[in-house]
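Below is one structure, written out as structure tokens; comments come after it.
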Amino acid sequence: MLRPALALLLVLLALPARAVEPDPAQAPRVFARETVEVAPGVWLIHKPAVTDPPFEGNVTVIEQARELVVIDAGGSPASGRAIVAEIRKLSSKPVRWIAYTHYHGDHNLGAGELLKAWPEAVTVSTAKTRENMAGPPMAYVAGYAASYAGMADFAAGQAADPKLPEALRAGWARVAAAGPGMVAGYSGMQAYPAQRTFTDRFVIPDARAPVELVFLGRGNTDGDAVAWMPRQKVLAAGDLVVAPVPYAAHTYPGEWIATLGKLEAYDFRRLVPGHGPVQSDRAHIRRLAAALEEVRARVAPLKDLPLEEVRKRVDLADVKAGFTGGDPWLEVLIDAVFTGDLVANAWKEARGEAVVQGKG
């Protein structure tokens, strides 16, 4: 996800934030990672509480004969250090390749720590992802800590509001409690654009665990790459697939549907989403594609109206329920990071307007 804290602030925050003091001692716990085996020689390094901030992307590690390939790299130096520690538990082999699925910072701002640990590693992405990482779409990184400080401050107020349901107060309390560690972890960050790029396909050969990096089309961004491990039949999808709640800022709804169709066609046994648990079927891909189709169908007839009027007229309660199951905390998240942006992008698409990465 790109800037989920800032997205929540824009939707929910009305008053100036008070200062949240950074706590470096708390950062290792807040950014802690765990590892699970996906297939022989393939592991997922993930943040267990996927629906609580910091919203950090999944990392996939593939063991080849002599070296390791890492897909994505965490969203901060703190998470990068946690990922390095997890990788070293798995193998003494060096990391040779670090591939970015897309430019969103929660998938690559930890790369500096991996490059410190393995200086010979080579970063790789699509050409569009490198362009975005080296340009204006990454400018938000300078304000990352401040946006999370504001989010934590707002969360503290929500957690103390007796009018809110207990489930919501508990969710906001978790955000507030993590605030000092998040602010500390998101300080002094920088992007590491890829050293190697490709437009369609980039193969990392190996006798037992080859990895294919492929651009299937635009969807969540204009440079999404997926990683396919044909021997293990594992597919790492980046933020083209996010569970349980998808993410839709600066997306291309119609093209996203087509790209999901290409994803579904892979003969995978396990799919690693950009966020969330490993999937063993196509149910979530199909649910997401159906949601995109439904939103486009409801928005297109209203394309000549102002966007704010479209937002008022399009009721997406049924679409949201398919992802949230009525969970109050997931309903907060889906409003903040999926449906609002999806309506805006479907409206632009229907009007023939361009979706530009990093711009509202």
Notebook entry, point to check: How fast does the chain diffuse by Stokes-Einstein, in µm²/s, taking the Kirkwood radius from C-alpha pairs at 20 °C and 1.002 mPa s?
Noted result: 105
Note to self: Just to verify a number: what accessible area does K359 come out at with the full protein assembly present, 1.4 Å probe, Å² rounded to tens?
What the structure shows: 130
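Which percent of the accessible area of the chain is formed by carbon and sulfur heavy atoms (probe 1.4 angstrom)? Don't jump to the answer; show the numbers that get you there.
Working: 7620 of 14260 Å².
C and S atoms contribute 53 percent here.
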Item checked: Simple spin-label estimate for K303 and R282 in nanometres, 7 Å along Cα-Cβ -> 2.9
Check: So what is the 222 nm mean residue ellipticity for the chain from helices alone, if each DSSP H run of at least 4 adds -39500 (n - 2.57) and you divide by all residues, rounding to the nearest 500 deg cm²/dmol?
Finding: -12000 deg cm²/dmol
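Would you mind calculating the gained length between A290 and R231 on full extension (0.36 nm times residue separation, minus the Cα-Cα distance), in nm to one decimal?
18.2 nm
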Next item on the list: Obtain the radius of gyration and the Kirkwood radius of the range 233-277 from its C-alpha atoms and give Rg over Rh.
Entry: 0.96
Next item on the list: Can you check how the C-alpha radius of gyration of the range 100-253 compares to 2.2 N^0.38 Å, as a plain ratio?
Entry: 1.24
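FRET efficiency for R29 and K93, Cβ-Cβ distance as r, R0 = 35 Å, nearest 0.05? Could the numbers behind the result be given before it?
Numbers: r = 28 Å, r/R0 = 0.81.
It comes to 0.80.
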Next item on the list: Give me D for the range 51-132 in µm² s⁻¹, whole number, from Stokes-Einstein with Rh from the Kirkwood sum over alpha-carbon pairs, 25 °C and 0.890 mPa s.
Entry: 195
Next item on the list: Could you work out the per residue convex hull volume over the alpha carbons of the range 261-360, in cubic angstrom?
Entry: 125
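For the chain, with only Lys/Arg (+1) and Asp/Glu (-1) charged at the beta-carbon, what is the dipole magnitude about the Cα centre, in debye rounded to 20? List each step's numbers first, then the result.
Values: 39 positive and 40 negative charges, 116 e Å.
The calculated dipole for the chain is roughly 560 debye.
Beyond 14 Å, what percent of the Cα pairs of the range 114-153 remain? List each step's numbers first, then the result.
On the way: 510 of 780 pairs.
Within the range 114-153, distances greater than 14 Å cover 65 percent of Cα pairs.
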Note to self: Springs between alpha-carbon pairs under 10 angstrom, Gaussian network model over the chain: which of R33, R269, R313 fluctuates most?
What the structure shows: R313
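Can you tell me what share of the DSSP beta bridges in the chain is antiparallel? A percent to the nearest 5 is fine.
Percentage antiparallel, nearest 5: 60.
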Next item on the list: Could you order L68, L216 by accessible surface area, starting with the largest, using a probe radius of 1.4 Å?
Entry: L216, L68
Check: Excluding ligands, DNA and RNA, what is the solvent-accessible area per residue of the range 165-274 at a probe of 1.4 Å, expressed in Å²?
Finding: 34
Next item on the list: Measure off 7 Å from each Cα along the Cα-to-Cβ vector at R66 and E353, then give the distance between these two points in nanometres to one decimal.
Entry: 5.3
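The values are calculated or read from the model by the stated rules, or taken from the named source; none is laboratory data. Note that the coordinates shown come from a computational prediction; the quantities given were computed from them, not determined experimentally. We place every Cβ from the backbone using ideal geometry, glycine too, and count neighbours over all the protein chains shown. For the accessible areas, the whole protein counts, side chains as well, though only heavy atoms, and no ligand, DNA or RNA atoms are used. Shrake-Rupley method; radii C 1.70, N 1.55, O 1.52, S 1.80 Å.
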